[in-house]
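One structure is given here, and the rest of the page talks about it.
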Amino acid sequence: MLDIAVSYNKYKFLGDEFLTWILYLVENEINIKPMLAMECNTVSLKLGNSIVLENSLGDESSEKITIKGDDAGLEEGTTALRKGAVVTDMNLIFTVDENEWRFSIKGESMNITGLKTPATGKVESQDDIEGAVLEKIELYSIPLQAIDTLFEYFIKKRVSDQWKNIEIPAMRQWISL
Amino acid sequence: MGLLSSSVSISRYRVEGTFESSILESVRTGLTKNIISQIEDEYAEISVGWTPMESAFEPDFEKFAFSFGTYFAFSLRIDKKSVPSKIIQKYVALEVIKKLKETHRDFLSRNEKTDIKDLITEKLMRQMPSTPNTYDVMWDYENASVLFFSTQKAATEELETLFKKSFQLKLIRLFPFTMIECSSTLKDEEKDLAANLASTKLLR
């Protein structure tokens, strides 16, 4: 295996491309349920209240576009994508049936920040702790497992001819609209 | 930031290796041998150790649980001393004035000023109590997975070092490349192809 620091920097573009592909899925309302194969009635992914795009300008300089706000438009984002930017960080709302998770994900590290799970019961005594811990672990595992599955799905596509022949033309058409 | 908080940040790890003897006892021993020290070392700038998730200031794994169902959950505590630079500046300035008066001189050399600053910093560091920070760890031993409830670089580095020292198991940080390498769903051929990918240009 490559040195960790080298592999982190060399392949961080894959994380950013993954998030860009996620934005494409979200904006085009592509059904992610068949990709996740989860046992549920409905599952969806929506863009939350922030997104960061970066356009590498060469010479180690880059242009960064941050869009924040609950009802913020994505016009600047699509303009940036048209100029060659990729999504480096985004806030997502993940819904499974009536349960909702909100979190931000960073492409290069896949770090999750600000993860909010569906509401859980209050811990009122020492006896409640074990149940609360197990409930939270279960709730964290659902979006994390979904990210892993979507990432693997993306990589399978990314290394196949489908990427060049189907996904790239479709994404180019989306950003040019 | 804790596992039970309403909003959490998570760094993810894969655990390389397994225990040869009892899992529960190996974890208990690793935690107990590396608990956070109760006695503050006045000369140490940083002190790192484990403590139960339920008790940041009573690191007793006999009294508090670290095993929850099939998971292990505990906390990493990092006690760090730091003296605000303005306080150092103030005491250095006072010491310089004192020294100039004592020696009837108009200025001190660069080396003298550096020596004063080093002495003052060391003295203040000894007097300063350390600031404790705790970060929860969730270990799913069966699935060789660890969730660390922080994304701060300094905290993740301390976790990786202490985990290896305590359990003789290596943590592999999960990011795009390692997620591909550690995937059990992707075929070897797909992993090889992914390793040779170049970035996509959506721009025509």
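Since every read-out is calculated from the coordinates, none of them should be taken as a lab result. Since the structure is predicted, the reported quantities are computational estimates derived from the model, not experimental observations. Don't worry about glycine lacking a Cβ; one is built from the backbone with ideal geometry, like all the others, and counts go over all protein chains shown.
Fully extending the segment from B:S55 to B:E25 would add 8.8 nm, taking 0.36 nm per residue of separation and subtracting the current Cα-Cα distance. For an R0 of 51 angstrom, estimate the FRET efficiency from the Cβ-Cβ distance between A:T120 and B:K117 and round to the nearest 0.05. Using R0 = 51 Å, I get an efficiency of 0.50.
Take the Cα coordinates of the stretch A:1-84, assign each an equal point scatterer, and use the Debye formula without solvent to give log10 I(q)/I(0) at q = 0.12, 0.15, 0.20 Å⁻¹. For the requested q values the scattering log ratios are -0.50, -0.73, -1.04.
GNM remark for chain B: springs join alpha carbons under 10 Å apart, and the peak mean-square fluctuation among B:A56, B:A65, B:A154 falls on B:A154.
Model label sites at B:S184 and A:D127, defined 7 Å from Cα along the beta-carbon direction, differ in position by 3.7 nm.
Report the calculated FRET efficiency for A:E135 and B:I39 (r = Cβ-Cβ distance, R0 = 41 Å), to the nearest 0.05. Here the calculated transfer efficiency is 0.65. If you run the Gaussian network model on chain B, springs between alpha carbon atoms under 10 Å, then out of B:D41, B:D118, B:D140 the most flexible one is B:D118. The modelled label-to-label distance between A:E60 and B:S85, using points 7 Å beyond Cα along the C-beta direction, is 2.2 nm. Dipole orientation for the stretch A:4-176: of the candidates A:I112, A:A80, A:M90, A:A80 has the Cα lying most toward the positive pole (charges on Cβ; Lys, Arg +1; Asp, Glu -1). Label-to-label distance for B:E102 and B:T70 is 6.8 nm, based on points extended 7 Å past Cα in the beta-carbon direction.
Note on chain B: semi-axes of the ellipsoid equivalent to its C-alpha gyration tensor, largest first and rounded to whole Å, are 44, 26, 14. Within the listed set A:T42, A:T66, A:T88, the Gaussian network model of chain A (springs between alpha-carbon atoms below 10 Å) gives the highest mean-square fluctuation for A:T42.
Taking the empirical scaling 2.2 N^0.38 Å for compact globular proteins as reference, the stretch B:85-127 has a Cα radius of gyration ratio of 1.13. Note: relative contact order over the stretch B:82-204, using C-alpha pairs below 8 Å and six or more positions apart, is 14 percent. Shape descriptor for the protein assembly as shown: Rg over Rh equals 1.05 (Cα atoms; Rh from the Kirkwood inverse mean 1/r).
Quote the convex hull volume per residue of the stretch A:4-176, based on C-alpha atoms, as a whole number of Å³. Spell out each step's value before the answer.
Working: hull volume 26.2 nm³, N = 173.
Convex hull volume per residue, Cα atoms: 151 Å³.
For B:S199, the amide hydrogen comes within under 5 Å of no other amide hydrogen, counting only partners 5 or more places away or on other chains and with H modelled in the peptide plane. Exceeding 31 Å between C-alpha atoms, which entries from my cross-link table qualify? They are A:K136/B:K63; B:K86/B:K165; B:K33/B:K81; A:K46/B:K170. Listed pairs above 31 Å: B:K86/B:K165; A:K46/B:K170.
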